Amino acid sequence: AQTVTQSQPEMSVQEAETVTLSCTYDTSESDYYLFWYKQPPSRQMILVIRQEAYKQQNATENRFSVNFQKAAKSFSLKISDSQLGDAAMYFCAYRFTGNQFYFGTGTSLTVIP
Amino acid sequence: NAGVTQTPKFRILKIGQSMTLQCAQDMNHNYMYWYRQDPGMGLKLIYYSVGAGITDKGEVPNGYNVSRSTTEDFPLRLELAAPSQTSVYFCASSLGTGVYYGYTFGSGTRLTVV
């Protein structure tokens with residue numbers, strides 16, 4: 001079975017500081033993608049960043065970067081220079097060839113001014 | 001740039017009533033999906049479609065039906081609503097099924113069954 005685990009239901013960070021959100025997954029597949037989605041209070045799911053499993057280099061999108069440890073099946077999200085607009089629920093998701101994403105239960109991030 | 005449009009945004013149903021959640025996308029995506037999000041949980045796949053006229057069940061299809069008569073529209077039908085169907089429903093679409101493709105999500109429908 002494919003599972004995605006986010007062990008931190010809630011996190012908080014001071015504005016301008018850095019925070020890391022954890023995600024682990026379980027799979028027997030070798031070719032897959034990992035994603036982080038952001039869900040602000042508007043409920044809109046927004047793609048933050050994605051990582052190809054076959055790439056060793058960690059993905060980066062502006063202030064967002066990942067630490068992908070394939071052997072450990074770990075995929076953490078680092079947010080640098082946190083901004084008030086980063087406050088949201090963050091979901092880690094996994095997808096291999098096929099139609100379904102598998103989502104974690106989410107981490108609620110609060111940004112403290 | 002509409003993307004994926006869901007209507008309504010909120011709805012309250014009485015037990016036993018029926019309703020249809022609408023989903024439309026204007027990106028010419030073949031693949032469309034319905035997920036539900038329960039409090040404190042991730043998204044669970046209800047149904048999906050790989051093109052007009054083709055649908056299939058996901059993880060939690062019981063109590064729901066779908067149809068896909070056009071590429072653009074993928075409505076979700078609830079028959080005989082039950083309190084267990086109280087949830088937030090998301091429609092999503094994707095250009096392909098290769099692992100590269102992410103989803104484009106609608107803004108969700110919050111449904112309460114009382």
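Laboratory data are not the source of any read-out in this text; all were calculated from the coordinates shown. None of these values were measured; they are calculated from a predicted model. Neighbour counts run over all protein chains shown; Cβ positions are idealised from the backbone, glycine included.
Of the residues that make up the stretch B:62-84, is at least one within 11 Å of chain A (Cβ to nearest Cβ) and surrounded by fewer than 18 Cβ atoms within 10 Å (Cβ to Cβ)?
Checked the stretch B:62-84: no residue is within 11 Å of chain A (Cβ to nearest Cβ) and surrounded by fewer than 18 Cβ atoms within 10 Å (Cβ to Cβ).
Taking the condition of being in a loop (DSSP other than H, G, I, E, B) and in contact with a strand residue (DSSP E or B) (Cβ under 9 Å, 6 or more places away or on another chain), how many residues in the stretch B:17-43 meet it?
The qualifying residues number 10.
Could you tell me whether the stretch B:24-32 includes any residue that is crowded, with 16+ Cβ neighbours inside 10 Å, hydroxyl-bearing (Ser, Thr, Tyr), in contact with a Leu (Cβ under 8 Å, 6 or more places away or on another chain) and within 10 Å of chain A (Cβ to nearest Cβ)?
yes
If A:Asp86 meets every condition in (1) among the charged types (D, E, K, R); (2) away from chain B (no Cβ under 14 Å); (3) surrounded by fewer than 17 Cβ atoms within 10 Å (Cβ to Cβ) apart from one, which number is that one?
It is condition (3) that A:Asp86 fails.
Residues that are closer than 21 Å to B:Thr97 by Cα: list the strands (runs of 3 or more DSSP E) wholly contained in the stretch A:1-85 that include at least 2 such residues.
Answer list for the stretch A:1-85: A:3-5, A:24-26, A:32-39, A:46-52.
Does B:Gly102 qualify as being within 14 Å of chain A (Cβ to nearest Cβ), out of contact with any strand residue (DSSP E or B) (no Cβ under 6 Å at 6 or more places or on another chain) and not β-branched (Val, Ile, Thr)?
no
Give me the residue from the stretch A:31-64 that is more than 21 Å from B:Gly106 (Cβ to Cβ) and hydroxyl-bearing (Ser, Thr, Tyr) and, out of that set, farthest from the other protein chains (Cβ to nearest Cβ).
Among residues in the stretch A:31-64 that are more than 21 Å from B:Gly106 (Cβ to Cβ) and hydroxyl-bearing (Ser, Thr, Tyr), the one farthest from the other protein chains (Cβ to nearest Cβ) is A:Thr60.
In the stretch B:89-99, how many are at the interface with another protein chain (Cβ under 10 Å from one of its Cβ atoms), surrounded by 19 or more Cβ atoms within 10 Å (Cβ to Cβ) and either outside any loop (DSSP other than H, G, I, E, B) or touching a Gly at 6+ places or on another chain (Cβ under 7 Å) (or both)?
Looking only at that region, the number is 3.
Looking at B:Lys57, B:Lys44, which one is loosely packed, with under 14 Cβ neighbours inside 10 Å, at negative phi and of a type outside the set (Gly, Ala, Ser)?
Only one candidate qualifies: B:Lys57.
Just need a number here: residues in the stretch B:44-61 that are more than 12 Å from the chain's Cα centre (by Cα), assigned to a strand (DSSP E or B) and either of a type in the set (A, V, I, L, M, F, W, C) or within 9 Å of another protein chain (Cβ to nearest Cβ) (or both).
So the answer is 3.
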